[in-house]
Structures are given as C-alpha cells and as structure tokens.
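Comments concern the structure below.
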Amino acid sequence: MAKKVSTSKAPAAIGPYSQGIIVGNTLYTSGQIPLDPVTGEIKGSDVTEQAKQVMRNIGAILSEAGYSYKDVVKTTCFLSDMADFAAFNSVYERYFTEDEKPARSCVAVKELPKKALCEVEVVAYHG
C-alpha cells in the first residue's frame, strides 16, 4: 500500500500530484522546482540560487518521510539550459558525497513549470 508524504516545509503541489509517495521501503518524490514553500514563488534568479532551493525542498520531503540524502539511489534532473550544467553540479554535489552518489539522469528540456531553471526528483530506499 502506498503512503502519501506531505510537508509544509516544501512547496505545496501545483497540480494533481503528491510531494512524495512511499511504497514499501522506497520513496518516490515528485519533481521539485525552486518554489519558496511560504510564498509559492520562484526563489533565485540564476541556476545556482534555484538549485539550492530545489535541494532544500527535496531535503524537506526526504526528512518528512524519514529519509535523508544518504538514502537517495536515483535522481532525475531537468535543466532549462544545458549551459547551466556545471553551475547546477556545483550545488548538486554538495548533497551527495563521493561514497554516496546516486545514479542520475540529467537532461535539458524546453521549459519547466513557472519558467524555473532546474527541477529534481529523487528515489530513496531504506534497506
């Protein structure tokens, strides 16, 4: 049976989806864009600032579900411009240490919700 994860420390869903779902020992998060959980507005004007907010949002969902960044086994990252790849990575790598790097896909997309510059979703596992 699936369990819904919801926290006010991450932005409320802006569509018909949940912030996260736990099935068994696995947490699946919805993609997080750099929305401020209080105002619902994009936080940051460049990809570095936006990536920091995205990772804070992911962290809030992980924490609410009883997981941490160490439990993340897969990420999918979306960039509105692949020219931002290095700047995005400079933030992303702060959350995943050398021994705990999850599998990852990173793609450029034409556009993200609310004109965000980046979005991240994760899969985390408790063994």
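The values are calculated or read from the model by the stated rules, or taken from the named source; none is laboratory data. What you are looking at is a predicted structure, and each value in this text was computed from that prediction instead of being measured. All Cβ positions, even for glycine, are placed from backbone atoms using ideal geometry, and neighbour counts span all protein chains on display. For accessibility, only protein heavy atoms count, side chains too; no ligands or nucleic acids. Shrake-Rupley method; radii C 1.70, N 1.55, O 1.52, S 1.80 Å.
When the range 85-94 is limited to residues that are over 19 Å from residue 67 (Cβ atoms) and not aliphatic (A, V, I, L, M), the one that is surrounded by the most Cβ atoms within 10 Å (Cβ to Cβ) turns out to be 88.
Flag: residue 43 matches the condition of being in contact with a Pro (Cβ under 6 Å, 6 or more places away or on another chain), closer than 22 Å to residue 6 by Cα and open to solvent by 70 Å² or more (accessible area, probe 1.4 Å).
Note on the range 95-113: residues that are open to solvent by 70 Å² or more (accessible area, probe 1.4 Å), under 16 Å from the mean Cα position of the chain (by Cα) and modelled with pLDDT of 95 or more total 1. Cβ separations smaller than 6 Å between residues 6+ apart or across chains give the following pairs from the range 18-34 residues that are among the aromatic types (Phe, Trp, Tyr) to residues that are surrounded by 16 or more Cβ atoms within 10 Å (Cβ to Cβ): 28/21; 28/123. Within the range 22-73, the residues that satisfy the criterion of being in a strand (DSSP E or B) and more than 20 Å from residue 105 (Cα to Cα) are 22, 23, 35, 42. Looking only at the range 114-127, residues that are surrounded by 12 or more Cβ atoms within 10 Å (Cβ to Cβ) and either in a helix (DSSP H, G or I) or free of Cβ contacts under 8 Å to residues at least 24 places away in the same chain (or both) come to 1 in all.
For the range 46-71, a residue qualifies if it is under 13 Å from the mean Cα position of the chain (by Cα), under 23 Å from residue 98 (Cβ atoms) and either among the acidic types (Asp, Glu) or surrounded by fewer than 23 Cβ atoms within 10 Å (Cβ to Cβ) (or both), and the qualifying residues are 52, 55, 56, 59, 63, 68, 69.
Take the conditions surrounded by 11 or more Cβ atoms within 10 Å (Cβ to Cβ), of a type outside the set (Gly, Ala, Ser), over 16 Å from the mean Cα position of the chain (by Cα) and not in a loop (DSSP other than H, G, I, E, B) and apply them to residue 3. Does it pass? So residue 3 passes the test.
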